[in-house]
1. Residue by residue through region 371-400, note down the ones that are part of a helix (DSSP H, G or I) and either among the small types (Gly, Ala, Ser) or buried (at least 16 other Cβ atoms within 10 Å of the Cβ) (or both).
2. Quick check on region 124-140: of everything there that is small (Gly, Ala, Ser), in contact with a Leu (Cβ under 9 Å, 6 or more places away or on another chain) and crowded, with 20+ Cβ neighbours inside 10 Å, which residue is farthest from residue 240 (Cα to Cα)?
3. In this structure, does residue 204 turn out to be modelled with pLDDT of 85 or more, within 27 Å of residue 138 (Cβ to Cβ) and aliphatic (A, V, I, L, M)?
4. Return the pair list, or none, for Cβ contacts closer than 6 Å from residues in region 323-342 that are under 29 Å from residue 16 (Cβ atoms) to residues that are outside any loop (DSSP other than H, G, I, E, B) and of a type in the set (Phe, Trp, Tyr), at least 6 apart or on different chains.
5. Residue by residue through region 342-368, note down the ones that are surrounded by fewer than 12 Cβ atoms within 10 Å (Cβ to Cβ) and under 31 Å from the mean Cα position of the chain (by Cα).
6. Need the failing condition index for residue 255 against (1) part of a helix (DSSP H, G or I); (2) in the same structural domain as residue 303 (by TED's automatic domain parsing); (3) small (Gly, Ala, Ser), just the number.
7. I'd like the residue in region 311-341 that is of a type in the set (Gly, Ala, Ser) and farther than 30 Å from residue 380 by Cβ and, out of all such residues, is surrounded by the fewest Cβ atoms within 10 Å (Cβ to Cβ).
8. Looking at region 389-410, I want the residues that are at positive phi and free of Cβ contacts under 8 Å to residues at least 40 places away in the same chain and have a partner that is loosely packed, with under 10 Cβ neighbours inside 10 Å and charged (D, E, K, R) with Cβ atoms under 6 Å, at least 6 apart or on another chain. Which pairs are those?
Amino acid sequence: METPQAIRGTQDIFGAEAEAFAHVVETFERVRKLYRFRRVEMPVFEKTEVFSRSIGETTDVVSKEMYSFEDRGGESLTLRPEFTAGIARAYLTNGWQQHAPLKVATHGPLFRYERPQKGRYRQFHQIDAEIIGAAEPAADAELLIMADQLLKELGITDGVTLQLNTLGDAASRDAWRAALVEYFRAHKGSLSEDSQDRLERNPLRILDSKDPRDKAFVADAPRIDDFLSGEAQDFFGKVTTGLDAAGVAWTRAPSLVRGLDYYRHTAFEFVTDRLGAQGTVLGGGRYDGLMESLGGPHTPAVGWAAGIERLAMLVVDAGEIAPESPDLAIVPLGAAAETACLGLAATLRRSGLSVEIGFRGNMKKRMSRANDSGARFALIVGDDELAAGEAMVKDLATGDQERLPLHAIPARIGA
């Protein structure tokens, strides 16, 4: 019988990669508590309309990449391709408006049926932070400062740049969009097929096209700055002033856009040159129109998400994860010592020490494994030590040995 293989675009994470993955999540959890973001857990699947209405029927995510299926009750369900739409749905259905402005954070698996590539999978994982119900530019600034601190604490800011743009308010964006349609219409025949398709529906997406045929025209396309209202200019100015006050470096990126109509004002990406062509490690923006697309009241909101796999790759590349060694390894000699050492190991672990204990082998093999584990100390427990309520403590770095009462061991190891 043939051994089952992993599904294409999924991965089994082990070793240094798994430790880096856990390190990203643990650092995110620590930082989100510093910024007072509440933890939320979201369903892995939602009604398909939650995503089709919020992300947009015409986007690649909805039309090509979603894992949608009909359940036994005949309802169309979709594995979540992103977090924001589900959080917005929860905000509306659970009455979370009472907590506005609400700061929430989560992490977990997401699903998209797309071409697997380096750092991109069909089941992938993200960390996510959102501020819902705050129209103030200070909310955008706080989220960006939080993201910057996260990347700094992960030790991966080398080669990473915060790229920042404004999409203006609704009126500014509409005027810019109309100017883009007019401009690109004049060059329609020279654009890529994708951009020709996007021209009427989603012209902003042409600005971030990677196709050389489009890049030739993007440089001279109308800029958002020419259409910004006074209010929109003031909003963006307050965001950048907040970043400057917090010492967060940023670069203006006038072609950085979000294609969906509900995005407003701030759009941003932290970009690296260390992941090949797919260089974004964290991105987000203000999405003041999203709640209305789900049938809710006008609700300003801003958020970001980052791929855990990509962050973990950068953590590994930066050498931030050292193999974790136990504080001590226990070497029991004889059947009675085997049983007693299980209790001893439990006591030491409860005192906060990490303990390795072998399950098999003679003393030579067990001592070899103790040395290989990287532990600083080995505890050797035979019948004589057991009878005396003691253990032989061997310093594996110096070779020095001493017999100590069992109760004195935690203080000795922790010294």
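1. Going through region 371-400, the residues part of a helix (DSSP H, G or I) turn out to be 371-372, 383-388.
Of everything in region 371-400, those that are part of a helix (DSSP H, G or I) and either among the small types (Gly, Ala, Ser) or buried (at least 16 other Cβ atoms within 10 Å of the Cβ) (or both) turn out to be 385, 386, 387, 388.
2. Residues of region 124-140 that are small (Gly, Ala, Ser), as a first pass: 129, 133-135, 138-139.
Then drop every residue that is not in contact with a Leu (Cβ under 9 Å, 6 or more places away or on another chain), which leaves 129, 133-134.
Those left that are additionally crowded, with 20+ Cβ neighbours inside 10 Å: 129, 134.
On the way: 129: 20, 134: 17 Å.
Looking at the filtered set, the residue picked out is 129.
3. Values: modelled with pLDDT of 85 or more: no; within 27 Å of residue 138 (Cβ to Cβ): yes; aliphatic (A, V, I, L, M): yes.
No, not satisfied.
4. That search, which allows pairs on different chains as well, returns 328/377.
5. 352
6. (1)
7. Pass one, region 311-341, residues of a type in the set (Gly, Ala, Ser): 312, 318-319, 322, 325, 329, 334-337, 340.
Of the ones still in play, those that are also farther than 30 Å from residue 380 by Cβ are 312, 318-319.
Numbers: 312: 27, 318: 16, 319: 8.
Selected residue: 319.
8. As it stands, the answer is none, since no pair meets every condition given.
The values are calculated or read from the model by the stated rules, or taken from the named source; none is laboratory data. None of these values were measured; they are calculated from a predicted model. Here Cβ is always computed from backbone atoms with ideal geometry, including for glycine, and neighbour counts include all displayed protein chains.
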